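So the structure is just underneath, and the comments pick up after that.
The values are calculated or read from the model by the stated rules, or taken from the named source; none is laboratory data. Note that this is a predicted model, so its numbers are computed, not measured. Cβ placement follows ideal geometry from the backbone for every residue including glycine, while neighbour counts extend to all protein chains displayed. These area figures cover heavy atoms from the full protein model, side chains too; ligands, DNA and RNA do not enter into them. Shrake-Rupley method; radii C 1.70, N 1.55, O 1.52, S 1.80 Å.
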Amino acid sequence: MKKSKAFWVYLALALVIYAVVQVMTANEMIDLYYQNMLITICINIMLAVSLHIVIGITGQFSIGHAGFMAVGAYVSAICTMKLGLPFIVGIIMAGVVAAIAGLLVGVPSLRLKGDYLAIATLGFAEIIRITFLNIDYVGGAAGMVVNHMTTWTYAFLGVLITILVISNFTNSRHGRSCLAIREDEIAADAMGINTTYYKVVAFVIGSLFAGVAGALYAHNFYIIQPTAFNFLKSFEILIYVVLGGLGSLSGSVIAAIFLTTVSQYLQAFPETRMIIYSVVLILVMLYRPTGLMGTKELKDVFRLKKRGGSEA
Amino acid sequence: MSNPLVKLENVGIQFGGLKAVQNVNMYINKGELVGLIGPNGAGKTTTFNMLTGVYTPTEGDITFEGKSIKGLKPYQVTKRGISRTFQNIRLFKDLTVLDNVKIANHHLAKHSILSSVLRLPSHFKGEGKMEKESIEFLKIFGLDVYKDELAKNLPYGMQRRLEIARALAAGPKLLLLDEPAAGMNPQETQDLMDLIALIRKEFDLTILLIEHDMSLVMGICERIYVLDHGQLIAEGTPEEIRNNPKVIEAYLGEEVKN
């Protein structure tokens with residue numbers, strides 16, 4: 001088992017993208033608007049990939065992901081703004097506390113299946129949001145002022161680490177156990193897999209990175225308010241995963257980039273924005289009912305093309 | 001009687017008011033190949049489900065290697081050394097044939113989540129070993145040529161074989177086969193019988209088999225238990241079972257008097 005060629009190609013590609021953006025920013029070829037958009041894309045990729053491990057890999061339908069993002073956002077904001085700790089400590093704390101929140105929510109709710117689990121996670125996310133809404137220490141409904149600290153470097157590293165950890169997890173015996181649970185929970189159990197344990201593990205890893213994404217989000221917009229983490233945000237993340245293709249990591253990344261870009265450009269048309277956005281969603285689901293990528297990854301697509309080419 | 005590998009003592013289970021299985025006393029010695037037969041709805045699969053931890057018996061006790069396994073969860077039972085196949089094939093359909101077997105091999109590997117995430121040497125060592133062992137299992141079943149196919153794309157007979165390969169990869173001492181020949185033609189059934197005999201010798205297995213195909217049961221089982229309406233009605237060698245009036249009655253109905 002050696003690292004595949006695809007891994008090094010991806011890593012090289014990622015570093016090139018990072019360097020190009022970094023150089024262009026330094027030379028003021030990318031203005032603040034686009035910098036902000038790139039960071040937003042990175043945050044959304046992290047959210048999509050962290051939900052992908054719960055829904056796409058383990059098959060547990062959680063629709064409360066914004067709750068863990070909220071935990072990360074508020075914890076990091078408290079660290080940097082109230083306690084005066086460095087940003088990086090805030091990010092780590094955000095991940096840790098969100099993971100603990102994931103554990104506390106996951107242990108009772110992952111006993112449920114399908115629709116019931118979805119409702120339970122939605123409920124937990126709302127509880128988290130309303131808790132922040134009622135804590136005066138973090139500003140309540142008015143929100144909390146946060147300094148802008150998220151840079152392209154933080155956002156890029158966040159994405160890189162998220163994807164690396166989750167794809168490494170997936171391509172191991174642990175990830176395969178999660179896939180087995182998605183495919184057939186009874187058979188997975190009969191094959192010696194502790195299904196409850198792996199469901200919780202996937203949920204905790206997903207929550208951890210949602211928390212980190214929340215920390216980056218909080219320090220990108222000058223202010224965080226509980227309404228930013230309502231169920232619409234959870235659905236937005238869910239849409240990235242479903243539209244990208246359940247079970248495909250590259251699919252959720254592509255969907256996050258695509259939809260974030262569409263949504264940013266549509267801000268020029270505030271009246272029709274949500275209508276056009278919805279039409280785009282409907283069109284994609286009509287023509288790609290299993291999502292943009294199905295269950296395939298990018299490297300499968302390239303491999304198929306190559307083989308097809310040589311035969312022709 | 002020396003210590004049997006597995007022993008069921010007065011085992012019974014009740015679903016609401018329905019007594020699905022009651023007063024079952026069974027034992028299987030190490031190395032035996034035992035058949036469990038009975039008409040539809042007799043409680044054969046329910047007995048399997050109690051043995052594997054899917055159901056917890058409401059009465060009696062089940063011991064495996066001298067220790068009670070009553071109340072253990074299915075994955076814990078598998079770790080103790082009992083694995084099974086399913087009557088209705090339950091493969092991981094959208095995963096490859098190789099991954100199906102690797103998943104069963106999972107609980108025998110040691111490398112931790114952290115080592116996999118950080119790609120430490122123990123991860124590569126553990127995964128390499130899993131890969132090698134899984135391919136060995138596939139070879140025994142003639143499935144190694146299909147290793148990168150999705151399980152759902154295999155022909156039916158091959159899916160049945162893959163189920164057994166997967167159960168074997170979980171490293172059992174006792175293998176439970178739930179109607180392994182269901183839906184197979186006579187040639188496939190014959191091949192399957194040979195295969196069961198082969199893996200039994202190769203892996204020093206004890207096997208309990210549910211089957212409707214009488215030629216298969218009578219052909220390879222050393223001892224047979226017969227269940228009817230949730231109760232054991234007979235036990236013995238294939239010859240004894242064939243001539244047992246109770247068994248004939250259960251299968252064919254009562255003889256018409258006068």
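When the residues of the stretch B:68-111 are filtered to those that are in contact with a helix residue (DSSP H, G or I) (Cβ under 8 Å, 6 or more places away or on another chain) and of a type in the set (Lys, Arg), which remaining residue is surrounded by the most Cβ atoms within 10 Å (Cβ to Cβ)?
Here the answer is B:84.
Please pick out the residue among A:53, A:63, A:88 that is in a helix (DSSP H, G or I) and closer than 30 Å to residue A:297 by Cα.
Only one candidate passes the filter, namely A:53.
Do you know which residues across the stretch A:121-136 are open to solvent by 80 Å² or more (accessible area, probe 1.4 Å) and either in contact with a helix residue (DSSP H, G or I) (Cβ under 6 Å, 6 or more places away or on another chain) or free of Cβ contacts under 8 Å to residues at least 40 places away in the same chain (or both)?
A:134, A:136
Among the residues in the stretch B:100-111, are any modelled with pLDDT of 95 or more and more than 8 Å from chain A (Cβ to nearest Cβ)?
Yes.
From the list B:141, B:92, B:86, B:64, exactly one residue is more than 8 Å from chain A (Cβ to nearest Cβ) and within 27 Å of residue B:194 (Cβ to Cβ). Which is it?
B:141
Could you check the stretch B:112-136 and list, in sequence order, the residues that are at the interface with chain A (Cβ under 8 Å from one of its Cβ atoms), open to solvent by less than 10 Å² (accessible area, probe 1.4 Å) and touching a residue at least 12 places away in the same chain (Cβ under 8 Å)?
B:123, B:127, B:130
Which members of the stretch B:137-158 meet the condition of being of a type in the set (A, V, I, L, M, F, W, C) and part of a helix (DSSP H, G or I)?
Passing the criteria: B:137, B:138, B:140, B:145, B:151, B:158.
Within the stretch A:79-120, track down each residue that is touching a residue at least 60 places away in the same chain (Cβ under 8 Å) and among the polar types (S, T, N, Q).
A:80
Limited to the stretch A:168-219, what total is found for residues that are among the small types (Gly, Ala, Ser), more than 23 Å from residue A:77 (Cβ to Cβ) and more than 10 Å from chain B (Cβ to nearest Cβ)?
Adding up the residues that qualify gives 1.
What are the residues in the stretch B:137-164 that are without any contact (Cβ under 8 Å) to a residue 40 or more places away in the chain and basic (Lys, Arg), if any?
Hits for the stretch B:137-164 are B:139, B:161.
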